[in-house]
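Step one of this worksheet: look at the structure below.
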């Protein structure tokens, strides 16, 4: 969806998005990485529709992704860092929940 | 542990917040500025420090209005305010007054003075000229967790965001706001992939199109949803606008640039829809009776901005419906004092006026606060305010024209199609809401209880105005009478763990 | 109202869970009903509801109330089925039983005593419960924090989606011909031969009979028909987390997971007058209790918080009153509008439709408040002393958080 104006960028960070490496300039949000790759952030719990960043300023809450194991983080409000693991979310997050019990 | 104490907490480091901080520090008020971004500038001057120092070649792309933000940001950095970036405020709490609680004695000096209101006093607005305690608490979260600070006055300067533009397909990946494209350009030096289409109404559509053109990206089209009737209505107000510094000439030069580059503009477009499987692929609309379909990989939408109101709404500040700007505005006096004592609102979050007007409003708010805290006298306050008010009036003079020219038509504010999504978070469509409204649901809160519209993570920011106007339209009521969602804190998410660890604020 | 339409047999004042359940029940019994309701921005307990169908600690010392609650819980699946049949809306009823966690030995002993008392007072009707130790709890409930030492369990408790319940009752009532008249609160009532007139800023409504289900508004309205209804507001705050996959299968007194996936965390009880604002002090206390119960909750985000004003009588029991001075006027009030919804639809409303309250509800009459009511409508009784604010979990057992 978006591309860089410049071919060479001096200072970059590399993170992974759904396991694939992605390199972006320093001091940008995780949402920039999603838009550079043309990735979606998530699919909705109700209808499974794909959603991607929309407002880029923390108002719309569309860009919810899992970052380093923590789900439902607004990608546009988190700065991208080297080695960050970003995963798109599908359905309701399980995150750090305990395993379900056996019901009687 | 007692929370940290301040004279003034400013929420937002955009033009209004920075101007208020500069004036507050001139008066030696102990000031904290909380902003959720990591550099000052708000949205209009987003990332201006980094661009100016590290990518100055991009200043040309973004234009002189953007570059103007840098010297202000620099002065803000050195004015002595406690500036806390990356801080998201989720609640403001008015504590029982320090006098009643018998605590906070260091800040409160109970006085037997009678209520002393100044000129421009509004009976609905509470201005008390006495030494109030630091009994307004601001709760915010940063990378280290949740925190609470105590302050005597709070200035909300949270700016604006783009009003929702509920057209069919607006939730598709690849559809973003014009402002989002500016954020990509300002923070990352990135531009949209083509084919690119911009659609909507408002100066930002032209501005972003012009900026992208300068960056070498030629939009496939600019689709303007402004109806022809708006031009006639706006012309009646063009007089003062012509005298306002540069607004009209800037617009005309952007239009000229688009024409020279051969970018087609479709004025008065109707029936805008976006289509695609899994991401946006086409833009459809009707123009002068002809149906158009354009291929697009990226679509940028914009139809004006509205106050970022959640914080002052969560405090129950009196609000009124602005029928021209089609949004709710807080009831404030000429200084920004609201109906909640000790709380002021300045800049676009009080009503859209633009960056220059926001600078003035921030300064006026700080002058009033300094006067209320008895740092300056009435004469000095009014003398200083005089020049600021003159500038403010000049910057406001183009607003009646711009507001009427770019007022989105009703069909773009309340989608006529039943299948169009109104609440993006909970995927509630217009048809369901209209049906409930037709059956006399009393207002947006009952609507929310029945349909889940407004219960998602965005807390109604992208659907609230649509829902208010949908109910108003269906039930033939005034939107101001219909009202808005009851906004409750936390206005941004805070974890249960952070909340559990929050100091209670009344320990001594 | 359209003057050409006939006056309703019953005008129900109040469009909350109690009002709509009564309206639905009356309509099912063949009566012509109108619901008169106030505007949108109003104190509405039904919008601030925990959503439990809660039984286990309702009515110690008052076996008739225990029985009422048990009967309602038993009939709840019939209510869900009826509503789904008429409206297509499924209220999401789950009745797996419920837990009350205990955090120290004293609490565990007190809870055990309470459960035994409930069982004794149930008599022949029976009351099943289990006291679960930590080992037994861990098998059924993963993720408990170290401070939880045990819990009481009964199979009768459950949960439902209260907003969907409200909508389903509303839709079902409309389908059965109930008329909805929202927009202005009733401020006075006239009684004349053969009927009543309700006055509000929106106009007048006349009906042969009236049923006051106006929550806190009953306090001023009920005396107008010669009934004392000394309800007072008790504020309760709730935190709602983001939606996650199903992880809590049993509702507990302060915690449950909704069918949408969010966790609801309660509870608090405060005297705050008519202030339904949220405070961080309450929120922090609720958060701490939730994290003590299930540490994993610490990582979940609070996306919403609200406070609502419970409608409490001095003894916590409902009011089901038929006015003696003004026959045809009824007053209904309770703080468990969800749990008792089935009883309201299947038992109370049909009784009223046929001219009187069921006899087994006499303990809920308003005369128990011991006030003499003057004709002007202002009760002679004073304001009951409110109990002091209590910490979450340590409250009188019969005044349950749930509704």
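Before moving on, here are some points about what is shown:
- Just so you know, in segment C:254-285 the residues that are more than 8 Å from chain B (Cβ to nearest Cβ) and in a helix (DSSP H, G or I) include one that is modelled with the lowest pLDDT, and it is C:282.
- If you go through segment B:445-464 and keep only what is within 14 Å of chain A (Cβ to nearest Cβ) and farther than 16 Å from residue B:427 by Cα, you end up with nothing.
- Within segment B:144-163, being modelled with pLDDT of 95 or more, more than 14 Å from chain A (Cβ to nearest Cβ) and not in a strand (DSSP E or B) holds for one residue alone: B:157.
- Test: residue B:467 is within 14 Å of another protein chain (Cβ to nearest Cβ) and outside any helix (DSSP H, G or I): no
- Subset of segment B:164-200 that is over 17 Å from the mean Cα position of the chain (by Cα), assigned to a loop (DSSP other than H, G, I, E, B) and more than 9 Å from chain A (Cβ to nearest Cβ) - its residue that is modelled with the lowest pLDDT: B:194
- In segment B:224-264, the residue that is nearest to residue B:420 (Cα to Cα) out of those that are crowded, with 18+ Cβ neighbours inside 10 Å and in contact with a strand residue (DSSP E or B) (Cβ under 9 Å, 6 or more places away or on another chain) is B:225.
- Number of positions in segment B:409-447 that are touching a residue at least 12 places away in the same chain (Cβ under 8 Å) and either more than 24 Å from residue A:46 (Cα to Cα) or not in a loop (DSSP other than H, G, I, E, B) (or both): 23
- Considering (1) touching a residue at least 24 places away in the same chain (Cβ under 8 Å); (2) touching a helix residue (DSSP H, G or I) at 6+ places or on another chain (Cβ under 8 Å); (3) over 25 Å from residue C:34 (Cα atoms); (4) crowded, with 19+ Cβ neighbours inside 10 Å, the lone condition that residue B:493 does not fulfil carries the number (2).
- Condition met for residue B:500 (out of contact with any strand residue (DSSP E or B) (no Cβ under 7 Å at 6 or more places or on another chain), at the interface with chain C (Cβ under 9 Å from one of its Cβ atoms), surrounded by fewer than 21 Cβ atoms within 10 Å (Cβ to Cβ) and part of a helix (DSSP H, G or I)): yes
- Residues that are in a strand (DSSP E or B) and away from chain A (no Cβ under 14 Å), drawn from segment B:296-326: B:319, B:320, B:321, B:322
- Residues being outside any helix (DSSP H, G or I) and farther than 15 Å from residue B:178 by Cβ - total across segment B:221-237: 3
- Of the residues examined, residue B:68 is one that is within 19 Å of residue B:159 (Cα to Cα) and surrounded by fewer than 19 Cβ atoms within 10 Å (Cβ to Cβ).
- Residue that is surrounded by the most Cβ atoms within 10 Å (Cβ to Cβ) [pool: residues in segment C:296-323 that are at the interface with chain B (Cβ under 9 Å from one of its Cβ atoms) and more than 25 Å from the chain's Cα centre (by Cα)]: C:300
- Residues of segment B:164-205 that are surrounded by fewer than 24 Cβ atoms within 10 Å (Cβ to Cβ) and without any contact (Cβ under 8 Å) to a residue 60 or more places away in the chain: B:191 alone.
- Residue within segment B:356-364 that is surrounded by 19 or more Cβ atoms within 10 Å (Cβ to Cβ) and touching a strand residue (DSSP E or B) at 6+ places or on another chain (Cβ under 7 Å) present: no
- Residues (closer than 12 Å to residue C:340 by Cβ and part of a helix (DSSP H, G or I)) located in segment C:49-66: C:65
- Within segment A:75-98, the residues that satisfy the criterion of being touching a strand residue (DSSP E or B) at 6+ places or on another chain (Cβ under 9 Å) and without any contact (Cβ under 8 Å) to a residue 40 or more places away in the chain are A:93, A:94, A:95, A:96.
- Identity of the residue in segment B:1-20, touching a helix residue (DSSP H, G or I) at 6+ places or on another chain (Cβ under 7 Å) and part of a strand (DSSP E or B), that ends up surrounded by the fewest Cβ atoms within 10 Å (Cβ to Cβ): B:11
- Only strands (runs of 3 or more DSSP E) whose full extent lies in chain A are considered here, and the ones with at least 1 residues that are more than 17 Å from residue B:185 (Cβ to Cβ), more than 14 Å from chain C (Cβ to nearest Cβ) and in contact with a helix residue (DSSP H, G or I) (Cβ under 9 Å, 6 or more places away or on another chain) are A:12-17, A:20-25, A:85-87.
- Subset of segment C:12-63 (residues that are farther than 20 Å from residue C:336 by Cα, out of contact with any helix residue (DSSP H, G or I) (no Cβ under 8 Å at 6 or more places or on another chain) and more than 14 Å from chain B (Cβ to nearest Cβ)): C:32
- Count - residues of segment C:101-118 that are exposed (fewer than 15 other Cβ atoms within 10 Å of the Cβ) and either closer than 16 Å to residue C:60 by Cβ or in contact with a strand residue (DSSP E or B) (Cβ under 7 Å, 6 or more places away or on another chain) (or both): 4
- Residue B:483 vs. criteria within 11 Å of chain C (Cβ to nearest Cβ), closer than 30 Å to residue C:294 by Cα, at pLDDT 95 or above and out of contact with any helix residue (DSSP H, G or I) (no Cβ under 6 Å at 6 or more places or on another chain): no
- Within segment C:215-233, residues that are without any contact (Cβ under 8 Å) to a residue 40 or more places away in the chain reach no partner that is buried (at least 24 other Cβ atoms within 10 Å of the Cβ) and part of a helix (DSSP H, G or I) with beta carbons closer than 9 Å at six or more positions or on different chains.
The values are calculated or read from the model by the stated rules, or taken from the named source; none is laboratory data. Not measured: the values here are computed from a predicted model. All Cβ positions, glycine included, derive from the backbone under ideal geometry; neighbour counts span all protein chains shown.
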